[in-house]
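For reference, the structure discussed in these notes is given below.
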Amino acid sequence: MQPLSILSPMITGFGLGASLIVAIGSQNAFVLRQGLKRQYVFAVCSICFLCDSLLIALGAGGFSSLVAASPRLMQATLWGGVAFLFCYGLRAFKSALTPGVIDPDRENEVASGLAKVALTTVMLSLVNPHAFLDTVVLLGSLAGRYSGEARLLFAVGAMSASCVWFYGIGYGARMLAPLFRRPMAWRVLDILVGCTMWTIAGSLAFSR
């Protein structure tokens, strides 16, 4: 593979993975709260990253093979992915109109034991319909467009986005706390997510 060909699927996977994971959600809020309290930050970030990587691997390694075996199913899932990305982007733009904030002081305190914190993290990472939709279904379907090494690089790119994001917000929470208590910060973030979603959806739709 040429250098550019090697980087292309990885960059696409990273961009799509980042767009899906950055959206405000219970998992991200939990990681931010743990980071703000400096409580088991490494364990929490590692569990989130490993759970995401597992789901991405399942999608890229299993569901994508099923999709690739049927051209019609490939087309259906591709356009389903385009529609999903468009709707997800639309939701991000809608959220930008009424941005939320994350304030750990308003949340109930989580039990301080490592076992309970770890269990909570696993539940938020895996017992979540959106996690399966985003990783196993959507990322797995799009990974099916690639084969061999390119598919692996796509998955690695998506996993890398998860790694950067979770460890970034976990250890950067203290610095980000004042910023993300402001609705404007989430408004800007939602707009960036929406633009990224629509850009990827457009590239998928017009590349066929």
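Just wondering, is there one or more residues in the range 18-26 that are at pLDDT 75 or above and either within 18 Å of residue 127 (Cβ to Cβ) or among the acidic types (Asp, Glu) (or both)? Outline the logic, then answer.
First, the residues of the range 18-26 that are at pLDDT 75 or above: 18-22.
Filter again for either within 18 Å of residue 127 (Cβ to Cβ) or among the acidic types (Asp, Glu) (or both), leaving 20-21.
Yes, some residue in the range 18-26 is at pLDDT 75 or above and either within 18 Å of residue 127 (Cβ to Cβ) or among the acidic types (Asp, Glu) (or both).
Hey, residue 98 hits all of (1) of a type in the set (Val, Ile, Thr); (2) at pLDDT 75 or above; (3) within 21 Å of the chain's Cα centre (by Cα) but one; which does it fall short on?
All conditions pass for residue 98, except number (3).
With the requirement that a residue be more than 17 Å from residue 147 (Cβ to Cβ), more than 19 Å from the chain's Cα centre (by Cα) and at pLDDT below 85, what does the range 39-93 give you?
72, 76, 79
Rundown of residues vs (1) basic (Lys, Arg); (2) in a helix (DSSP H, G or I); (3) out of contact with any Lys or Arg (no Cβ under 6 Å at 6 or more places or on another chain); (4) over 13 Å from residue 59 (Cβ atoms), yes/no style:
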residue: 141; (1), (2), (3), (4): no, yes, yes, no
residue: 146; (1), (2), (3), (4): no, no, yes, no
residue: 155; (1), (2), (3), (4): no, yes, yes, no
residue: 159; (1), (2), (3), (4): no, yes, yes, no
residue: 167; (1), (2), (3), (4): no, yes, yes, yes
residue: 172; (1), (2), (3), (4): no, yes, yes, yes
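Taking only pairs six or more apart or across chains, which ones have beta-carbon atoms under 9 Å, a first residue in the range 160-188 that is of a type in the set (Lys, Arg), and a second residue that is in a helix (DSSP H, G or I)?
174/35; 174/36; 187/95; 187/96; 187/97
What are the pairs, 6+ residues apart or on separate chains, where a residue within the range 142-156 that is closer than 12 Å to residue 7 by Cβ and touching a residue at least 12 places away in the same chain (Cβ under 8 Å) has its Cβ under 6 Å from a residue that is β-branched (Val, Ile, Thr) and surrounded by fewer than 20 Cβ atoms within 10 Å (Cβ to Cβ)?
none
The values are calculated or read from the model by the stated rules, or taken from the named source; none is laboratory data. Being a predicted model, the structure only gives us computed values, none of them experimental. So basically every Cβ, Gly included, is an ideal-geometry build from the backbone, and we count neighbours across all protein chains shown.
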